Amino acid sequence: MSGNQPNRIPDFGRIGRDEPLRFTFDGKAYTGYKGDTLASALLANGVKLVGRSFKYHRPRGVFSAGVEEPNALVALREGARREPNTRATVAELFDGLVAESQNRSPNLKYDIQSLNQAIARFIPAGFYYKTFMGPFANTRLWMFFEKIIRKSAGMGTASGEADPDRYDRMHAHCDVLVIGGGAAGLSAALAAGEAGARVILVDETPRLGGRLNQDVYKIGDLSGGEWVEQTIAKLTALPTVKLLTRTTAFGYYDGNLIGAVERVSDHLPEMPVHLPRQRWWRFRAKQVILATGATEQPLVFGNNDRPGIMLAGAVRAYINEYGVLPGRRAVIFTNNDDAYRTALDVMNAGGAAVAVVDARKNPRSTLIDHTRGKGVTVLTGHAVVNTHGHFELQAVDVAPIDGDGAARRLDCDLLAISGGWQPNVHLSSQTGAKPVWNDKMNCFLPGTPKRPEASAGAAAGRFTLAAVLSDGHARGTQAAALTGHSLDREVKLPRVDAETPAPSEALWEAPDPATGHPKKFVDHQDDVSADDVRLAHREGYVSVEHLKRYTTLGMGTDQGKTSNITGLAIMAKLRGQPIPAVGTTTFRPPYTPIAIGAMGGTERGQHYKPRRRSPMHDWHQERGCEWIPAGLWDRPRHYPLTPNETLRQAYVRETKQTRQSVGICDVTTLGKIDIQGPDAAEFLNRVYTNGFAKLPVGKARYGLMLREDGQVYDDGTTSRLGENHYVMTTTTANAVAVMAKLEFYLQAVWPDLRVKVVSVTEQYAAIALAGPNSRKVMQKIVDIDLSDDAFPFMACGPCHAVTDAIRARLFRISFSGELAYEINVPSDYGRFVWDALMDAGAEFGIVPYGLEALGNMRIEKGHVAGAELDGRTTADDLGLGKMLSAQKPFVGKTLAQRPGLTAPTRKKLVGLVPVDGKTALPNGSQIIELADRDKPRPVKMIGNVSSNGFSPELNTPIALGLLEGGLAREGDTVLVAYPLKNLYIPATVRNPHFVDPEGKRLHG
Amino acid sequence: MFRFTCPHCGERDVVEFSYGGDASVVVPDLAAGEEAWFDAVYQRDNPRGPHVEYWHHVAGCRQWIRVERDTLTHEILACGPATGRMRPETGGEGA
């Protein structure tokens, strides 16, 4: 079977050899096995070149076996599901997978941009910044070159199509959340679970076990893998334990909230219809155990980025977990004992270990002796100083680390490197616990916890299996105890062979070879070399945060998991300071990249912004209205008679018909707040500028509200339904905010007032009937006398609508300036009563009118609305100054009297009509003096147009606006300027009450 | 993600609340003068540490509550009704 997978080794790995899977990479067909990652399958097939580097387009290969991968970024899948910048090392193989390499043109082997290498010395860190912010600043050169540069300095490209997949949200609570399912995590989960705690264990990989799957270990009489299986079986049997694989805990938030993403279907060839692609988990845990393991750090030396150079632990992972030997002749380069395992595993898998190059002068341990005993050459006090080969590694140059002594060339096709292991302190440091540098171990350890959490195992700097297992057990036991769970029997931990490794020694950068100065990459993904760090230092970017931003070190999709420490160590050396003095950059979520779709979850499209519909919605739809959103509400904008009728034709027709006979409008969306209590009158007196104390029962009054700073806030009518019972209306836009504000005043400021408020906006359907025939129509469906004497202007009261069964509230209020009524009925009867009014109005040619005609009629009357109540206008600006009561205090009164708010130079409400009687005056236009028409810009802007419409009665476009001087300029001609459309329209200033200024029609 | 102990509903997630500003500000008497109102509307401390603030339980009981929060550590120190006594947070799940 392995005939077409030359690097697959028999009898190794945890892959399903009876399940071959076909896949393509850059169009070429290959076969792998169930349980492979894309990276392991490519390596099994002998594919070493998988990508081109970000800046210099150098050939790159698989570097790691996990989430830290900087090089092997590929695009997965096709069409709308195409996902760029995916790490091949964690992409699970499935049958039919289509993968493509990135950042190359036309293909991986012949990449035209690789010429960048030839000019590499001319494009160091900061090149683009210096060039385009320096001599060529403001020359538009950047605009010219941007496209080319963005294309060449590239990541993959997105599909450009909408995400076709679904994402889900989950919430979970537990006593103990264990993050990481390696030896420490499993041991901790078992201890906590057996103690009876509710435990959730999450692991980012599909297979629990961590390094136990990737290294050769014995635990008691079991192999590492067998112990994992046995422990999973024990955990699964515990009723309070939940195991989640393929789940990355990416963020640690306030309140011990852990965010995680579970990849439910990413590994499947087809997305099942009943499953989401991913689930976004929010875990609330009483105690958190961070068993997040450690990441092996690379070494920095000449040409250290060729395909075939790999982390030593990754080589063992490919051998032991995936049954792949990535090379036949391996050199191991290390500063610690752990990498010696790689030499043994390579030999065990049938490869040759050419040499172990150990930077340490004189390390002594049983593992080293054992390796030597197997016949492996161990070169201590040596370093790899250069490498050879192009698309794949062919040889390395090894030299004494002190620099005196000739280099020797070792032929090899695999170089396994290890700079030691760095605990994954990301999550703990996200809580604000600053990582602490450990000089003996040459790594950062988690800081003192700031939350109920504890790090366990390798994440806490414990690197021998015995220590990891006992640490996990101790942390699990402790966390369970803190949540009130303990085991009444002693647990005996399995016996594990003791390890006594020789201490590691820091080697942040290997010396140059005797001749030449090859590039030594610190950050492979961002093509940042040791020279770039030196350049940043020379140019003064010496803090880690500046180093990061100047060189882009650690800014890739891997967020510097294999480069940050080395980069800052080199900087510390340049500054002559210890590493803790230089510090680390801030760790922020997410730990690994997260799909935006997963963040959005189910809240997309209509679920993101729910639509509010009035009870008459279906009627409007059946009538063929055009809709317009008003906040979350859908409102009819106009009702075209024919498909060809324009918006303006429709609203002018609706306006005309209403003013001549009768119109009907759905006003359900206005906020309605029920106010009850013995102190209700006093309360209204405080929040409104005008008096409400003396409003009689059965009467409505227009009210104006100010903000505390004295600007106008909202307006509406409030009606007194009973001695202690009022109903307030607000504008549609402010309904929610006004309600919250009233509650604030009652609960926090005047708790002594005996008043309760409740929103009843959705409980009542509201229908406005306007026009000279509105009384005749309304009288047909209500059971009270609507004559002027019995129910005068601003009257309100209870009645029945259509039948005795429907209790309604009737108001004689008018926004249009016509004789008008508003009827409120329980929402469920809204459509029924609307239909009844349409029938009753048929003989008068009743016309439904939409928001456009509603707005047009209020503009004709000079009534202000949202466009004028923009938070910058005072009552006086709007011609409502007389509504500010001098008899009583009210909210906003004091600050409304400030000089700036009462200055005579303020812009005030005026009406405007175009001099030519034809040209519309667009909203948002500025007003300038006619005399300034031809003066050089800028000229003084003396006002603006806020609302505009067309008055059929005056047969001219009309507008409302705010103008310096206000009505003192009545009759003047000014210029309405809309420079974006090159419109300059002479307009006459008029009184804003365009139609029926005396208000005769209100009284019918 | 904070959790508050609403004095009316119990421990709830912050997503049920909306922020309502500095609760140490005393809204002056309506008849108070310009200086008092100016201070109340415009003057704010920006403390590094404990801060009492209003939160509105909009997706719950619709009551305004007061929360004492450490702006540096995000620790919730005490919660209480809009007026009246604050109670120290006892540190429920994941405090």
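The values are calculated or read from the model by the stated rules, or taken from the named source; none is laboratory data. Values in this document were obtained by computation on a predicted structure and should not be read as measured data. Please note: Cβ atoms are built from the backbone with ideal geometry, for glycine as well, and neighbour counts cover all protein chains shown. These area figures cover heavy atoms from the full protein model, side chains too; ligands, DNA and RNA do not enter into them. Shrake-Rupley method; radii C 1.70, N 1.55, O 1.52, S 1.80 Å.
For A:TRP633, nonlocal amide neighbours, meaning residues 5 or more places apart or on other chains whose placed amide H falls under 5 Å from its own, are A:ARG612. Packing, taken as the mean count of other beta carbons within 10 Å per residue, orders the peptides B:36-43, A:45-52, A:57-64, A:506-513 from highest to lowest as A:57-64, A:45-52, A:506-513, B:36-43. The share of C-alpha pairs in the protein assembly as shown whose separation exceeds 38 Å stands at 62 percent.
Across all directions of projection, what mean area in square nanometres is found for the Cα convex hull of the stretch A:422-510? The partial results should precede the final answer.
Numbers: hull surface 30.1 nm².
Average projection, Cα convex hull of the stretch A:422-510: 7.5 nm².
Remark: the stretch A:824-836, residue by residue, has Karplus-estimated 3J(HN,Hα) of 10, 10, x, 3, 5, 9, x, 5, 4, 5, 4, 4, 5 Hz, where x stands for each Gly or Pro and the curve is 6.51 cos²θ - 1.76 cosθ + 1.60 at θ = phi - 60°. Peptide A:253-260 is shielded by partner chain Cβ atoms: per residue, an average of 5 of them sit within 10 Å of its Cβ. Database remark: amide H of A:CYS443 closer than 5 angstrom to the amide H of A:ASN438 (H placed geometrically; neighbours at sequence offset of 5 or more, or on other chains; Pro and chain starts carry no H).
Quick one: order A:ARG611, A:ARG17 from most to least accessible surface, probe 1.4 Å. Working shown, then result.
Working: A:ARG611 110, A:ARG17 75 Å².
Solvent-accessible surface, decreasing: A:ARG611, A:ARG17.
Kirkwood radius and radius of gyration were both taken over the C-alpha atoms of chain B, and their ratio Rg/Rh is 1.01.
Within the same chain, aspartates and glutamates fewer than 8 places from A:LYS672 are excluded, and of the rest, those with a Cα less than 18 Å from its Cα are A:ASP634, A:ASP714, A:ASP715, A:GLU743, A:GLU762, A:GLU822, A:ASP828. At a probe radius of 1.4 angstrom, the accessible area of chain B per residue rounds to 54 square angstrom. Counted over all Cα-Cα pairs of the stretch A:685-835, pairs farther apart than 19 Å make up 56 percent.
Greater than 19 Å separation of Cα atoms is the criterion. Which listed pairs, A:LYS694/A:LYS741; A:LYS520/A:LYS561; A:LYS130/A:LYS561, meet it? Mind showing how you got there, number by number?
Values: A:LYS694/A:LYS741 24 Å; A:LYS520/A:LYS561 17 Å; A:LYS130/A:LYS561 28 Å.
Those over the limit are A:LYS694/A:LYS741; A:LYS130/A:LYS561.
The three principal axes of the Cα atoms in the stretch A:670-760 give end-to-end lengths of 30, 26, 24 Å, sorted in falling order. Of the DSSP beta bridges with both residues in the stretch A:298-419, give the percent that are antiparallel, rounding to the nearest 5. About 40 percent, rounded to the nearest 5.
Subtracting the Cα-Cα distance of A:ASN955 and A:GLN606 from their residue separation scaled by 0.36 nm leaves 121.5 nm. When both the stretch A:730-758 and the stretch A:174-242 are represented by their alpha-carbon centers, they are found 54 Å apart.
If you build the Cα gyration tensor of the stretch A:713-761 and take the root of 5 times each eigenvalue, what three semi-axes come out, in whole angstrom, biggest first? If you can, show how the numbers build up before the last one.
Working: eigenvalues 62, 50, 14 Å².
Calculated on Cα positions only, the semi-axes equal 18, 16, 8 Å.
Taking the chain by itself as reference, the stretch B:17-63 contains these residues with an accessible-area loss of 30 Å² or more in the full protein complex (1.4 Å probe, heavy atoms): B:VAL27, B:LEU30, B:GLU34, B:TRP37, B:VAL41, B:TYR42, B:TYR54, B:ARG62. Relative to the longest principal axis of the Cα atoms of chain A, helix A:647-660 runs at roughly 30 degrees.
Here the Karplus curve 6.51 cos²θ - 1.76 cosθ + 1.60, taken at θ = phi - 60°, turns the phi angles of the stretch A:722-735 into couplings of x, 3, 10, 9, 10, 10, 9, 10, 10, 5, 4, 5, 9, 4 Hz, with x standing for Gly and Pro. Approximating the spin labels as points 7 Å out from Cα along Cα→Cβ, the A:ALA630-to-A:ARG328 distance works out to 8.0 nm.
What FRET efficiency comes out for the pair B:ARG48/A:ASP404, r = Cβ-Cβ distance, R0 = 56 Å, nearest 0.05? Before the final figure, lay out each step's value.
Values: r = 56 Å, r/R0 = 1.00.
Plugging the Cβ-Cβ distance into 1/(1 + (r/R0)^6) gives 0.50.
With a 1.4 angstrom probe, the accessible area lost at the A-B interface totals about 2500 Å².
Summing +1 for each Lys or Arg and -1 for each Asp or Glu among the other residues whose beta-carbon sits under 15 angstrom from that of A:GLY600 gives +3. If you average the C-alpha positions of the stretch A:273-340 and of the stretch A:526-605 separately, how far apart do those two centres end up, in angstrom? Between the Cα centres of the stretch A:273-340 and the stretch A:526-605 lies a distance of 19 Å.
So what is the diffusion coefficient of the stretch A:506-606 in µm² per second by Stokes-Einstein at 10 °C and 1.306 mPa s, using a Kirkwood Rh over Cα pairs? Don't skip to the end; give the middle numbers.
Numbers: Rh = 15.1 Å.
Rounded to a whole number, D works out at 105 µm²/s.
What does the net charge come to around A:SER543 if you take all other residues with beta carbon closer than 11 Å to its beta carbon, with K and R at +1 and D and E at -1? Write down the numbers at each step before the final one.
Working: positive: A:LYS548, A:ARG549, A:ARG575; negative: A:GLU545.
Combined, the nearby Lys, Arg, Asp and Glu give +2.
Solvent-accessible surface of the stretch A:476-521, averaged per residue with a 1.4 angstrom probe and all protein chains in place: 66 square angstrom.
Give the calculated FRET efficiency between A:ALA805 and A:ASP618 to the nearest 0.05, with a Förster radius of 25 Å applied to their Cβ-Cβ distance.
Working: r = 22 Å, r/R0 = 0.87.
So the FRET efficiency works out to roughly 0.70.
Taking a point 7 Å out from the Cα of B:ALA31 in the direction of its Cβ, the residues of the stretch A:858-888 whose backbone N falls within less than 14 Å of it are A:886-888. When the Cα atoms of the stretch A:841-954 are aligned to their principal axes, the ranges along those axes come out at 55, 49, 19 Å in descending order. Each residue of the stretch A:174-184 was assigned a 3J(HN,Hα) from its phi angle through the Karplus curve 6.51 cos²θ - 1.76 cosθ + 1.60 (θ = phi - 60°); the sequence is 7, 6, 10, 9, 9, 9, x, x, x, 4, 5 Hz, with glycine and proline shown as x. For the pair the stretch B:46-95 / the stretch A:427-463, the C-alpha centres are spaced 30 Å from each other.
Looking only at other chains, what is the average number of their beta-carbon atoms within 10 angstrom of each beta-carbon in A:892-902?
Values: counts 3, 3, 13, 6, 1, 2, 3, 0, 0, 0, 0.
Averaged over the peptide's residues, the number is 3.
Global size of the stretch A:480-530: 24.2, 68 Å for Rg and Dmax (C-alpha atoms, Rg to one decimal, Dmax whole).
Listed highest first by mean packing, meaning other Cβ atoms within 10 Å per residue, what order do A:913-926, A:514-527 come in? Write down the numbers at each step before the final one.
Working: A:913-926: 16.4, A:514-527: 20.8.
Peptide ranking by packing, descending: A:514-527, A:913-926.
Most simply put, chain A has about 75% antiparallel DSSP beta bridges, counting only bridges with both residues inside it. Under 5 Å from the amide H of A:THR89 lie the amide H atoms of A:ALA39, each residue being 5 or more positions distant or on a separate chain, with H modelled from the backbone and absent for Pro and chain starts. Between the beta carbons of A:MET170 and A:ALA474, assuming R0 = 25 Å, the FRET efficiency works out to 0.25 to the nearest 0.05. When each of the peptides A:357-364, A:894-901 is scored by the mean number of other C-beta atoms lying within 10 Å of its residues, the order from highest to lowest reads A:357-364, A:894-901. Here's the picture: a label point sits 7 Å out from the Cα of A:TYR110 along the beta-carbon direction, and within the stretch A:41-66 the residues with their amide nitrogen under 20 Å of it are A:48-53, A:57-60.
Run the numbers on chain A and let me know its relative contact order in percent, using alpha-carbon pairs under 8 Å that are six or more apart.
Dividing the mean separation by the residue count of chain A yields 9 percent.
Summarise the partner chain shielding of A:742-749 as one whole number: the mean count of Cβ atoms from other chains within 10 Å of each residue's Cβ.
Details: counts 0, 6, 7, 2, 2, 9, 12, 7.
Averaged over the peptide's residues, the number is 6.
Across the stretch A:749-886, C-alpha contacts under 8 Å between residues 6 or more apart give a mean separation that, scaled by the residue count, equals a relative contact order of 23 percent.
Net charge around A:GLY447, counting only other residues with Cβ within less than 12 Å of its Cβ (Lys, Arg = +1; Asp, Glu = -1)? Intermediate results must be reported in sequence, preceding the final value.
Working: positive: A:LYS434, A:LYS450, A:ARG451; negative: A:GLU453.
Within the 12 Å Cβ shell, the charges total +2.
Shown are A:PHE391, A:PHE25, whose ranking by accessible area with a 1.4 Å probe and every protein chain present, most to least, is A:PHE391, A:PHE25.
Label reach from A:GLN763 (point 7 Å along Cα→C-beta): in the stretch B:54-68, no amide nitrogen lies under 14 Å. Per atom type, the protein assembly as shown shows carbon and sulfur on 53% of its accessible surface, probed at 1.4 Å. Take the Cα of A:ALA481, step 7 Å toward its Cβ, do the same at B:ARG85, and the gap between the two points is 3.5 nm.
Considering every pair of different Cα atoms, what Kirkwood radius, in Å, is found for the stretch A:787-910? Walk me through the numbers before you get to the answer.
On the way: mean 1/r = 0.0555 Å⁻¹.
That comes to 18.0 Å for the stretch A:787-910.
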